[in-house]
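**Student:** The structure is given below, and queries will be raised subsequently.
The values are calculated or read from the model by the stated rules, or taken from the named source; none is laboratory data. On a predicted model such as this, the values are computed, not experimentally measured, just so you know. Don't worry about glycine lacking a Cβ; one is built from the backbone with ideal geometry, like all the others, and counts go over all protein chains shown.
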Amino acid sequence: MNRLWDNPWVNRLLALLLAIGLFAYVNVESINNTRQSANDDTILVANKTQTVKVPLQVNANTDKYFITGYPSKVSVALTGTASLVTMTANTQNFRIIADLTKLGVGKHRVRLKAEGLNKDLSYSISPKSVTVDIQVRDNKTMPIQVRYNKASIASGYAAGEPKLSTRTVDVTGARSVIDSIAQVVANVSLSHNTRSTVDQEVLLQALDENGNTMNVVLAPQTVHVTLPISQPSKKLTVELKQTGTAVSGRTYVLSSDTKQVTVYGDQSSLDKLSKLTVDVDVSGISTTTTRTYNVTDLNDGISAASPKSLKVTVSVGNTGNDDNNNNGGSTASASTSSSSAASTSSASESDSSTSTSDNNG
(Lines give C-alpha, C1' and ligand atoms only; values in the text may rest on other atoms or scores of the structure.)
Protein backbone atom coordinates (compact mmCIF):
# COMPACT_ATOMS: atom_id res chain seq x y z
CA MET A 1 0.00 0.00 0.00
CA ASN A 2 2.82 2.35 0.88
CA ARG A 3 4.44 1.55 -2.43
CA LEU A 4 1.23 2.81 -4.18
CA TRP A 5 1.46 6.21 -2.55
CA ASP A 6 5.13 6.36 -3.16
CA ASN A 7 4.46 6.07 -6.88
CA PRO A 8 4.88 9.56 -8.42
CA TRP A 9 2.24 8.86 -11.07
CA VAL A 10 -0.43 8.39 -8.44
CA ASN A 11 0.39 11.75 -6.91
CA ARG A 12 0.36 13.37 -10.34
CA LEU A 13 -3.08 11.89 -11.09
CA LEU A 14 -4.53 13.13 -7.81
CA ALA A 15 -3.14 16.59 -8.42
CA LEU A 16 -4.72 16.60 -11.87
CA LEU A 17 -8.14 15.59 -10.52
CA LEU A 18 -7.97 18.25 -7.83
CA ALA A 19 -7.02 20.91 -10.36
CA ILE A 20 -9.93 19.88 -12.62
CA GLY A 21 -12.35 20.07 -9.66
CA LEU A 22 -11.20 23.54 -8.64
CA PHE A 23 -11.44 24.75 -12.22
CA ALA A 24 -14.99 23.44 -12.56
CA TYR A 25 -16.12 25.03 -9.31
CA VAL A 26 -14.75 28.46 -10.20
CA ASN A 27 -16.22 28.43 -13.67
CA VAL A 28 -19.71 27.32 -12.53
CA GLU A 29 -19.92 30.30 -10.16
CA SER A 30 -18.83 32.61 -12.95
CA ILE A 31 -21.36 31.11 -15.35
CA ASN A 32 -24.18 31.50 -12.80
CA ASN A 33 -23.24 35.13 -12.17
CA THR A 34 -23.14 35.79 -15.89
CA ARG A 35 -26.56 34.24 -16.39
CA GLN A 36 -28.05 36.27 -13.49
CA SER A 37 -26.62 39.47 -14.91
CA ALA A 38 -28.00 38.57 -18.31
CA ASN A 39 -31.43 37.92 -16.81
CA ASP A 40 -31.37 41.27 -15.01
CA ASP A 41 -30.41 43.03 -18.19
CA THR A 42 -33.20 41.25 -20.02
CA ILE A 43 -35.72 42.40 -17.39
CA LEU A 44 -34.54 45.98 -17.72
CA VAL A 45 -34.78 46.09 -21.48
CA ALA A 46 -37.95 43.97 -21.90
CA ASN A 47 -41.07 45.77 -23.16
CA LYS A 48 -44.06 46.22 -20.86
CA THR A 49 -47.59 47.63 -21.31
CA GLN A 50 -49.53 49.18 -18.45
CA THR A 51 -52.83 51.09 -18.49
CA VAL A 52 -53.37 54.01 -16.13
CA LYS A 53 -56.24 56.41 -15.45
CA VAL A 54 -55.32 60.09 -15.64
CA PRO A 55 -57.31 63.35 -15.35
CA LEU A 56 -58.40 65.01 -18.58
CA GLN A 57 -57.21 68.61 -18.81
CA VAL A 58 -59.49 70.94 -20.78
CA ASN A 59 -57.88 74.06 -22.21
CA ALA A 60 -60.54 76.73 -22.72
CA ASN A 61 -61.67 80.18 -21.62
CA THR A 62 -63.62 78.98 -18.58
CA ASP A 63 -64.32 82.55 -17.44
CA LYS A 64 -66.46 83.02 -20.54
CA TYR A 65 -67.66 79.52 -21.32
CA PHE A 66 -69.20 76.64 -19.36
CA ILE A 67 -68.18 73.30 -20.84
CA THR A 68 -69.88 69.93 -20.36
CA GLY A 69 -69.83 66.47 -21.93
CA TYR A 70 -66.24 65.37 -21.31
CA PRO A 71 -65.10 62.69 -18.84
CA SER A 72 -63.09 63.65 -15.79
CA LYS A 73 -60.53 60.88 -16.47
CA VAL A 74 -59.33 58.87 -19.47
CA SER A 75 -57.33 55.63 -19.85
CA VAL A 76 -53.78 55.65 -21.25
CA ALA A 77 -51.99 52.44 -22.26
CA LEU A 78 -48.21 52.93 -21.91
CA THR A 79 -45.73 50.66 -23.72
CA GLY A 80 -41.95 50.64 -23.31
CA THR A 81 -39.20 49.27 -21.16
CA ALA A 82 -40.41 47.89 -17.87
CA SER A 83 -38.52 50.40 -15.77
CA LEU A 84 -39.67 53.41 -17.80
CA VAL A 85 -43.31 52.30 -17.92
CA THR A 86 -43.34 51.62 -14.18
CA MET A 87 -41.80 54.99 -13.36
CA THR A 88 -44.20 56.87 -15.66
CA ALA A 89 -47.25 55.05 -14.31
CA ASN A 90 -46.22 55.82 -10.73
CA THR A 91 -45.37 59.50 -11.22
CA GLN A 92 -47.93 60.32 -13.95
CA ASN A 93 -45.76 63.26 -14.92
CA PHE A 94 -47.61 63.82 -18.20
CA ARG A 95 -50.96 65.30 -19.28
CA ILE A 96 -53.85 64.36 -21.57
CA ILE A 97 -55.31 67.50 -23.09
CA ALA A 98 -58.51 68.53 -24.89
CA ASP A 99 -57.68 71.83 -26.60
CA LEU A 100 -60.82 74.01 -26.98
CA THR A 101 -59.13 77.39 -27.17
CA LYS A 102 -60.12 77.96 -30.79
CA LEU A 103 -63.72 76.73 -30.44
CA GLY A 104 -66.89 78.74 -29.80
CA VAL A 105 -70.43 78.04 -28.55
CA GLY A 106 -71.88 74.69 -29.59
CA LYS A 107 -71.07 70.97 -29.62
CA HIS A 108 -67.65 69.88 -30.88
CA ARG A 109 -65.75 66.60 -31.35
CA VAL A 110 -62.21 67.05 -30.05
CA ARG A 111 -59.26 64.66 -30.41
CA LEU A 112 -57.19 64.15 -27.26
CA LYS A 113 -53.41 64.41 -27.17
CA ALA A 114 -50.66 63.68 -24.67
CA GLU A 115 -47.98 66.09 -23.46
CA GLY A 116 -44.90 65.33 -21.34
CA LEU A 117 -44.52 61.64 -22.20
CA ASN A 118 -41.03 60.22 -22.72
CA LYS A 119 -40.22 59.77 -26.41
CA ASP A 120 -39.16 56.19 -25.77
CA LEU A 121 -42.74 55.33 -24.76
CA SER A 122 -45.61 54.61 -27.06
CA TYR A 123 -49.18 55.22 -25.87
CA SER A 124 -52.82 54.82 -26.71
CA ILE A 125 -55.60 57.06 -25.27
CA SER A 126 -59.13 55.73 -24.65
CA PRO A 127 -61.31 57.40 -25.71
CA LYS A 128 -59.26 58.99 -28.46
CA SER A 129 -61.70 61.91 -28.78
CA VAL A 130 -64.58 63.44 -26.80
CA THR A 131 -67.69 65.46 -27.59
CA VAL A 132 -67.98 68.71 -25.63
CA ASP A 133 -70.78 71.23 -25.31
CA ILE A 134 -69.58 74.83 -25.03
CA GLN A 135 -72.10 77.36 -23.69
CA VAL A 136 -71.97 80.93 -22.43
CA ARG A 137 -71.18 80.85 -18.73
CA ASP A 138 -73.61 82.35 -16.21
CA ASN A 139 -73.83 82.67 -12.44
CA LYS A 140 -76.75 83.04 -10.06
CA THR A 141 -77.29 83.14 -6.30
CA MET A 142 -80.28 81.13 -5.11
CA PRO A 143 -81.88 80.32 -1.74
CA ILE A 144 -81.64 76.79 -0.36
CA GLN A 145 -84.89 74.92 0.22
CA VAL A 146 -84.94 72.19 2.89
CA ARG A 147 -87.04 69.11 2.10
CA TYR A 148 -87.92 66.12 4.28
CA ASN A 149 -90.58 63.44 4.55
CA LYS A 150 -93.14 64.61 7.13
CA ALA A 151 -94.57 61.08 7.32
CA SER A 152 -91.31 59.96 8.96
CA ILE A 153 -91.93 62.21 11.99
CA ALA A 154 -93.52 60.43 14.96
CA SER A 155 -97.19 61.08 15.68
CA GLY A 156 -97.69 64.13 17.87
CA TYR A 157 -94.31 65.59 16.89
CA ALA A 158 -93.56 68.36 14.43
CA ALA A 159 -90.54 69.90 12.73
CA GLY A 160 -89.55 73.45 13.52
CA GLU A 161 -87.77 75.99 11.34
CA PRO A 162 -84.60 74.38 9.92
CA LYS A 163 -81.24 76.03 10.59
CA LEU A 164 -78.65 76.03 7.78
CA SER A 165 -74.93 76.76 7.78
CA THR A 166 -75.66 79.01 4.78
CA ARG A 167 -78.97 80.16 3.37
CA THR A 168 -77.87 80.72 -0.24
CA VAL A 169 -75.75 78.97 -2.86
CA ASP A 170 -73.87 80.22 -5.93
CA VAL A 171 -74.95 78.38 -9.07
CA THR A 172 -72.66 78.37 -12.12
CA GLY A 173 -73.41 76.80 -15.47
CA ALA A 174 -74.62 77.31 -19.01
CA ARG A 175 -76.96 80.28 -19.25
CA SER A 176 -79.76 78.18 -20.72
CA VAL A 177 -79.46 75.69 -17.86
CA ILE A 178 -79.30 78.39 -15.18
CA ASP A 179 -82.53 79.89 -16.50
CA SER A 180 -84.33 76.56 -16.17
CA ILE A 181 -83.43 75.95 -12.50
CA ALA A 182 -86.53 76.14 -10.30
CA GLN A 183 -84.90 75.56 -6.91
CA VAL A 184 -81.85 74.33 -5.06
CA VAL A 185 -82.78 71.76 -2.43
CA ALA A 186 -81.22 70.03 0.56
CA ASN A 187 -82.94 66.69 1.12
CA VAL A 188 -82.77 65.74 4.81
CA SER A 189 -83.08 62.01 5.44
CA LEU A 190 -85.29 61.06 8.40
CA SER A 191 -85.65 57.64 9.97
CA HIS A 192 -89.07 56.20 10.75
CA ASN A 193 -90.82 57.77 13.79
CA THR A 194 -88.22 60.49 14.28
CA ARG A 195 -88.68 62.13 17.69
CA SER A 196 -85.52 64.21 18.16
CA THR A 197 -83.64 66.99 16.40
CA VAL A 198 -81.70 65.95 13.29
CA ASP A 199 -78.21 67.24 12.33
CA GLN A 200 -76.96 66.34 8.84
CA GLU A 201 -74.44 67.40 6.20
CA VAL A 202 -76.59 67.39 3.06
CA LEU A 203 -75.57 67.39 -0.61
CA LEU A 204 -77.26 70.20 -2.56
CA GLN A 205 -79.18 69.62 -5.80
CA ALA A 206 -80.33 72.07 -8.46
CA LEU A 207 -83.69 71.00 -9.88
CA ASP A 208 -85.93 72.16 -12.71
CA GLU A 209 -89.73 72.42 -12.48
CA ASN A 210 -90.08 68.67 -13.11
CA GLY A 211 -87.64 67.72 -10.37
CA ASN A 212 -84.81 66.80 -12.75
CA THR A 213 -81.24 67.40 -11.56
CA MET A 214 -79.47 70.09 -13.56
CA ASN A 215 -75.82 69.93 -14.62
CA VAL A 216 -74.37 72.97 -12.84
CA VAL A 217 -71.64 73.76 -10.34
CA LEU A 218 -72.82 74.62 -6.82
CA ALA A 219 -70.74 76.48 -4.27
CA PRO A 220 -70.89 75.23 -1.61
CA GLN A 221 -71.77 71.69 -2.68
CA THR A 222 -73.08 70.72 0.76
CA VAL A 223 -74.83 72.47 3.63
CA HIS A 224 -75.20 71.56 7.31
CA VAL A 225 -78.86 71.35 8.29
CA THR A 226 -80.26 71.28 11.83
CA LEU A 227 -83.93 70.28 11.80
CA PRO A 228 -85.55 70.64 15.25
CA ILE A 229 -88.09 67.89 15.97
CA SER A 230 -90.32 68.30 19.02
CA GLN A 231 -93.88 68.10 20.25
CA PRO A 232 -95.90 71.32 19.81
CA SER A 233 -96.83 72.71 23.23
CA LYS A 234 -99.34 75.12 24.70
CA LYS A 235 -99.85 76.52 28.21
CA LEU A 236 -103.45 76.21 29.41
CA THR A 237 -105.31 77.52 32.46
CA VAL A 238 -106.95 74.80 34.55
CA GLU A 239 -110.73 75.07 34.96
CA LEU A 240 -112.51 72.79 37.47
CA LYS A 241 -116.07 71.83 36.56
CA GLN A 242 -118.45 70.04 38.92
CA THR A 243 -120.37 67.14 37.39
CA GLY A 244 -122.50 64.27 38.66
CA THR A 245 -125.31 64.16 41.25
CA ALA A 246 -124.63 65.96 44.52
CA VAL A 247 -125.49 64.29 47.82
CA SER A 248 -128.61 65.85 49.33
CA GLY A 249 -127.82 68.56 51.81
CA ARG A 250 -124.18 68.86 50.75
CA THR A 251 -122.28 71.71 49.06
CA TYR A 252 -118.94 71.35 47.20
CA VAL A 253 -115.96 73.58 46.71
CA LEU A 254 -113.37 72.45 44.08
CA SER A 255 -109.74 73.52 44.36
CA SER A 256 -106.29 72.58 43.01
CA ASP A 257 -102.77 73.83 43.59
CA THR A 258 -102.11 73.46 39.86
CA LYS A 259 -103.36 76.55 38.07
CA GLN A 260 -101.66 76.06 34.67
CA VAL A 261 -100.52 73.04 32.66
CA THR A 262 -98.24 72.82 29.60
CA VAL A 263 -99.71 70.30 27.19
CA TYR A 264 -98.14 68.65 24.12
CA GLY A 265 -99.76 67.25 21.00
CA ASP A 266 -100.28 67.81 17.30
CA GLN A 267 -100.70 71.45 16.39
CA SER A 268 -104.24 71.14 15.03
CA SER A 269 -105.44 69.62 18.32
CA LEU A 270 -103.71 72.25 20.42
CA ASP A 271 -105.23 75.03 18.35
CA LYS A 272 -108.68 73.87 19.47
CA LEU A 273 -107.81 74.19 23.16
CA SER A 274 -108.20 77.49 25.02
CA LYS A 275 -108.27 76.03 28.55
CA LEU A 276 -107.95 72.69 30.30
CA THR A 277 -111.32 71.67 31.69
CA VAL A 278 -111.32 69.06 34.45
CA ASP A 279 -114.71 67.42 35.02
CA VAL A 280 -114.98 66.53 38.72
CA ASP A 281 -117.73 64.00 39.44
CA VAL A 282 -119.09 64.62 42.96
CA SER A 283 -121.57 61.75 42.88
CA GLY A 284 -121.53 59.94 46.22
CA ILE A 285 -119.02 62.31 47.86
CA SER A 286 -120.15 63.21 51.38
CA THR A 287 -116.79 64.08 52.94
CA THR A 288 -113.82 66.12 51.77
CA THR A 289 -111.96 64.10 49.09
CA THR A 290 -108.80 64.52 46.97
CA ARG A 291 -108.66 63.05 43.47
CA THR A 292 -105.75 62.76 40.97
CA TYR A 293 -106.25 63.22 37.23
CA ASN A 294 -103.84 62.30 34.42
CA VAL A 295 -103.74 65.28 32.08
CA THR A 296 -103.37 63.11 28.97
CA ASP A 297 -106.69 61.44 29.80
CA LEU A 298 -108.54 64.75 29.81
CA ASN A 299 -108.35 65.34 26.04
CA ASP A 300 -107.62 63.06 23.06
CA GLY A 301 -105.41 65.70 21.45
CA ILE A 302 -102.96 65.76 24.37
CA SER A 303 -100.08 63.27 24.10
CA ALA A 304 -97.99 64.57 27.02
CA ALA A 305 -98.15 67.23 29.71
CA SER A 306 -96.13 69.00 32.35
CA PRO A 307 -97.04 68.31 35.07
CA LYS A 308 -98.33 64.91 34.02
CA SER A 309 -101.11 64.90 36.64
CA LEU A 310 -102.95 67.28 38.93
CA LYS A 311 -104.75 66.86 42.25
CA VAL A 312 -108.23 68.26 42.87
CA THR A 313 -109.63 68.66 46.38
CA VAL A 314 -113.44 68.40 46.81
CA SER A 315 -114.36 70.22 50.04
CA VAL A 316 -117.82 69.19 51.35
CA GLY A 317 -120.17 71.43 53.37
CA ASN A 318 -123.81 71.33 54.50
CA THR A 319 -126.60 73.28 52.81
CA GLY A 320 -128.44 74.06 56.18
CA ASN A 321 -131.82 72.69 54.98
CA ASP A 322 -132.14 70.30 57.95
CA ASP A 323 -131.90 73.18 60.53
CA ASN A 324 -134.40 75.32 58.63
CA ASN A 325 -136.94 72.48 58.58
CA ASN A 326 -136.64 72.03 62.35
CA ASN A 327 -137.04 75.75 63.06
CA GLY A 328 -140.01 75.97 60.77
CA GLY A 329 -141.85 73.19 62.65
CA SER A 330 -141.41 74.94 66.03
CA THR A 331 -142.74 78.20 64.68
CA ALA A 332 -145.75 76.52 63.26
CA SER A 333 -146.52 74.86 66.60
CA ALA A 334 -146.19 78.13 68.44
CA SER A 335 -148.61 79.82 66.11
CA THR A 336 -151.11 77.06 66.53
CA SER A 337 -150.93 77.35 70.32
CA SER A 338 -151.51 81.09 70.20
CA SER A 339 -154.56 80.63 68.05
CA SER A 340 -156.03 78.11 70.43
CA ALA A 341 -155.47 80.41 73.38
CA ALA A 342 -157.16 83.26 71.62
CA SER A 343 -160.16 81.14 70.80
CA THR A 344 -160.52 80.03 74.43
CA SER A 345 -160.34 83.61 75.65
CA SER A 346 -163.06 84.72 73.26
CA ALA A 347 -165.28 81.89 74.33
CA SER A 348 -164.86 82.82 78.00
CA GLU A 349 -165.73 86.41 77.33
CA SER A 350 -168.85 85.31 75.42
CA ASP A 351 -169.98 83.11 78.28
CA SER A 352 -169.44 85.91 80.79
CA SER A 353 -171.53 88.30 78.75
CA THR A 354 -174.34 85.80 78.52
CA SER A 355 -174.39 85.33 82.28
CA THR A 356 -174.60 89.07 82.86
CA SER A 357 -177.50 89.43 80.50
CA ASP A 358 -179.35 86.65 82.25
CA ASN A 359 -178.84 88.22 85.61
CA ASN A 360 -180.07 91.55 84.44
CA GLY A 361 -183.13 89.96 82.97
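**Student:** Of all the residues that make up the range 57-89, how many are β-branched (Val, Ile, Thr) and assigned to a helix (DSSP H, G or I)?
**Tutor:** The qualifying residues number 3.
**Student:** Mind checking whether some residue in the range 305-322 is surrounded by 13 or more Cβ atoms within 10 Å (Cβ to Cβ), without any contact (Cβ under 8 Å) to a residue 40 or more places away in the chain, within 41 Å of the chain's Cα centre (by Cα) and not assigned by TED's automatic domain parsing to the domain that holds Ser189?
**Tutor:** Yes, that holds for at least one residue.
**Student:** Sort out which residues of the range 144-193 are outside any strand (DSSP E or B), at pLDDT 95 or above and of a type in the set (Lys, Arg), and write them in order of number.
**Tutor:** Arg167
**Student:** I would also like to ask the following. Tell me, yes or no, whether the range 171-185 has at least one residue that is exposed (fewer than 14 other Cβ atoms within 10 Å of the Cβ) and on the phi > 0 side of the Ramachandran plot.
**Tutor:** no
**Student:** Same structure again: Within the range 90-99, work out how many residues are under 19 Å from Lys113 (Cβ atoms) and either in contact with a Phe, Trp or Tyr (Cβ under 8 Å, 6 or more places away or on another chain) or assigned to a helix (DSSP H, G or I) (or both).
**Tutor:** Final tally of qualifying residues: 1.
**Student:** If you check every pair at least six apart or on different chains, which have Cβ atoms under 9 Å apart with a residue in the range 183-201 that is of a type in the set (Asp, Glu) first and a residue that is in a loop (DSSP other than H, G, I, E, B) second?
**Tutor:** Glu201/Ser165
**Student:** Which of the residues that make up the range 74-104 are closer than 16 Å to Thr49 by Cα and of a type in the set (Gly, Ala, Ser)?
**Tutor:** Across the range 74-104, the qualifying residues are Ser75, Ala77, Gly80, Ala82, Ser83, Ala89.
**Student:** Right, Glu209: among the charged types (D, E, K, R), more than 13 Å from the chain's Cα centre (by Cα) and either closer than 30 Å to Ser230 by Cβ or not in a strand (DSSP E or B) (or both) or not?
**Tutor:** Answer is yes for this residue.
**Student:** Limited to the range 246-278, what total is found for residues that are over 30 Å from Val188 (Cα atoms), out of contact with any strand residue (DSSP E or B) (no Cβ under 9 Å at 6 or more places or on another chain) and either among the polar types (S, T, N, Q) or touching a residue at least 40 places away in the same chain (Cβ under 8 Å) (or both)?
**Tutor:** 1
**Student:** Quick one: would you say Leu298 is modelled with pLDDT of 90 or more, surrounded by 10 or more Cβ atoms within 10 Å (Cβ to Cβ) and not polar (S, T, N, Q)?
**Tutor:** When the stated conditions are applied, Leu298 does not pass them.
**Student:** Looking at the range 132-156, I want the residues that are in contact (Cβ under 8 Å) with a residue 60 or more places away in the chain and have a partner that is part of a helix (DSSP H, G or I) and surrounded by 13 or more Cβ atoms within 10 Å (Cβ to Cβ) with Cβ atoms under 6 Å, at least 6 apart or on another chain. Which pairs are those?
**Tutor:** From the range 132-156, the pairs are Val136/Arg175; Asp138/Arg175; Asp138/Ile178.
**Student:** Right, next: Does Gly69 satisfy the condition of being loosely packed, with under 15 Cβ neighbours inside 10 Å and at positive phi?
**Tutor:** Judged against the criteria, Gly69 is a match.
**Student:** Quick one: in the range 258-295, which of the residues that are hydrophobic (A, V, I, L, M, F, W, C) and more than 11 Å from Lys234 (Cβ to Cβ) is surrounded by the most Cβ atoms within 10 Å (Cβ to Cβ)?
**Tutor:** Taking the candidates together, the pick is Val295.
**Student:** Shifting gears a bit: Consider Asn118 against the criteria (1) touching a Ser or Thr at 6+ places or on another chain (Cβ under 7 Å); (2) in a strand (DSSP E or B); (3) at pLDDT below 95: it satisfies all of them except one. Which criterion is unmet?
**Tutor:** Unmet for Asn118, out of (1) touching a Ser or Thr at 6+ places or on another chain (Cβ under 7 Å); (2) in a strand (DSSP E or B); (3) at pLDDT below 95: (2).
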